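**Q** The structure's right below; bear with me while I get my questions together.
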Amino acid sequence: MNVNLAVIKGDGIGPEVVTQAMKVLDTIGEKYGHTFEYQQILMGGCSIDAYGVPLTDEAIAVAKASDAVLLGSIGGNTTTSPWYKLPPNLRPEAGLLKIRKELNLFANLRPAVLYPELKGACPLKEEISDKGFDMMIMRELTGGLYFGERKTVEENGVLKAYDELTYDENEIRRIAIRGFDIAMKRRKKVTSVDKANVLDSSRLWRKVVEEVAKDYPEVTLEHMLVDNCAMQLVKDPAQFDVILTENMFGDILSDEASMVTGSIGMLASASLNETKFGMYEPSGGSAPDIAGQNKANPIATILSAAMMLRFSFDMDKEADSIEAAIKQVLQENYRTCDIMDDGMTLVSCSEMGDLICQRLK
């Protein structure tokens, strides 16, 4: 297969980790007879520096013409970077929101898996980490509070800010269907997370999810309030299979889930539209404090590339081989600095990429 990818290396450690993922994809191509062609575009701070905006119309056009998008990380230090002295619509993250909207990437998949080899890095009690966990957080990505109208006004000499949270039933239904479809391929359980005791948007969310659940009699559905879910993620993460939730709740819960795995540098993510097109990126940030030092963990980005092969191109065998190579390297006790422990062998970002490629060959 010939695959045309739009590549956004981004800011901070983005270029380092994406380079390793591209190296792994090229190794997959050699092994399985595929060709990966890359067209690089700018987004985030690097685009601001080059063009004055976080994402150009030309970059969007390239992304739309590709088969999928591979993304690194964007942004910088929010207290020292000149990017964050700009108006909000010109800051790096505005480019990310824009590309999600332009590509209609409404479904965000963020797996959180505790590898047995990394149990020691899990911050939870041993009796919890020993059980392990493997969950998929399904986050609605193009609606809700982040895309509602917002403004700041002065009333009677007092500043007041407004942020609008809206969802319609179609937005909820399509993410719920995607969540139940994925649950059917996993352990057939969906935990729908809302704040239905307070919010009208959550009450509509719960109503629509229950309607969708009727079409999936094999899947167990439970409802959970978001504050309880936040507690349960640290009390008993093994109970979760697919967590289905709206934009802001998903943003917060997926970061919490990622940290109980021991390192956000291990976690991939995918953002999909209603076809097989998707944008694939690590869950972590741009880590400007270690950028350019060859210290970053590339595994999350490499796992994101594996998700791309699986969800956009139906290359399950190829994705399985990447995941197996990563497990082998971890079993052989190679670690980047974020997951380093006593008795392990410390390797750099590029060395980790090389090791995974060698195991693939």
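**Q** For the stretch 105-120, what are the residues that are touching a Ser or Thr at 6+ places or on another chain (Cβ under 6 Å) and aliphatic (A, V, I, L, M)?
**A** 105, 112, 114
**Q** Conditions first: (1) surrounded by fewer than 23 Cβ atoms within 10 Å (Cβ to Cβ); (2) at pLDDT 95 or above. Residue 274 passes all but one, so which condition is the exception?
**A** Residue 274 satisfies every listed condition except (2).
**Q** Also, I was wondering about something else. Let me confirm something: among 194, 255, 236, which residue is farther than 19 Å from residue 172 by Cα and surrounded by 16 or more Cβ atoms within 10 Å (Cβ to Cβ)?
**A** Being farther than 19 Å from residue 172 by Cα and surrounded by 16 or more Cβ atoms within 10 Å (Cβ to Cβ) holds for just one of 194, 255, 236, which is 255.
**Q** Can you pull out the strands (runs of 3 or more DSSP E) entirely within the stretch 167-272 that have at least 2 residues that are closer than 20 Å to residue 307 by Cα?
**A** Per the criteria, 242-245, 268-272.
**Q** Answer with yes or no whether residue 253 is assigned by TED's automatic domain parsing to the domain that holds residue 182 and touching a Ser or Thr at 6+ places or on another chain (Cβ under 7 Å). I'd like the intermediate steps shown before the answer.
**A** Working: assigned by TED's automatic domain parsing to the domain that holds residue 182: yes; touching a Ser or Thr at 6+ places or on another chain (Cβ under 7 Å): yes.
Yes.
**Q** Of the residues in the stretch 331-361, how many are among the aliphatic types (A, V, I, L, M), farther than 12 Å from residue 302 by Cβ and part of a helix (DSSP H, G or I)?
**A** Count: 1.
**Q** To continue, here is another question. Being outside the structural domain of residue 45 (by TED's automatic domain parsing), under 28 Å from residue 42 (Cα atoms) and polar (S, T, N, Q) narrows it down to one residue among 78, 142, 152; which is it? Break it down stepwise before answering.
**A** On the way: 78 fails: outside the structural domain of residue 45 (by TED's automatic domain parsing); 152 fails: under 28 Å from residue 42 (Cα atoms).
None of the others qualify; the one that does is 142.
**Q** Then there's this: Here are 296, 306, 300: which of them is on the phi < 0 side of the Ramachandran plot, in a loop (DSSP other than H, G, I, E, B) and surrounded by 17 or more Cβ atoms within 10 Å (Cβ to Cβ)?
**A** Just one listed residue meets the conditions, 296.
**Q** Taking the stretch 63-80 only, how many residues are at pLDDT 95 or above and surrounded by fewer than 18 Cβ atoms within 10 Å (Cβ to Cβ)?
**A** 2
**Q** Can you tell me which of (1) in contact with a helix residue (DSSP H, G or I) (Cβ under 7 Å, 6 or more places away or on another chain); (2) within 28 Å of residue 239 (Cα to Cα); (3) at pLDDT below 95 is the one residue 113 doesn't meet?
**A** Unmet for residue 113, out of (1) in contact with a helix residue (DSSP H, G or I) (Cβ under 7 Å, 6 or more places away or on another chain); (2) within 28 Å of residue 239 (Cα to Cα); (3) at pLDDT below 95: (1).
**Q** Also, I was wondering about something else. Would you mind finding the one in 25, 42 that is in the same structural domain as residue 325 (by TED's automatic domain parsing), surrounded by 17 or more Cβ atoms within 10 Å (Cβ to Cβ) and free of Cβ contacts under 8 Å to residues at least 40 places away in the same chain? Give the steps one after another, and end with the answer.
**A** Values: 25 fails: free of Cβ contacts under 8 Å to residues at least 40 places away in the same chain.
Going through 25, 42 in turn, just one is in the same structural domain as residue 325 (by TED's automatic domain parsing), surrounded by 17 or more Cβ atoms within 10 Å (Cβ to Cβ) and free of Cβ contacts under 8 Å to residues at least 40 places away in the same chain: 42.
The values are calculated or read from the model by the stated rules, or taken from the named source; none is laboratory data. Quick caveat, the model's predicted, so the values are computed rather than measured. Cβ: placed from backbone, ideal geometry, glycine included. Neighbour counts: every protein chain shown.
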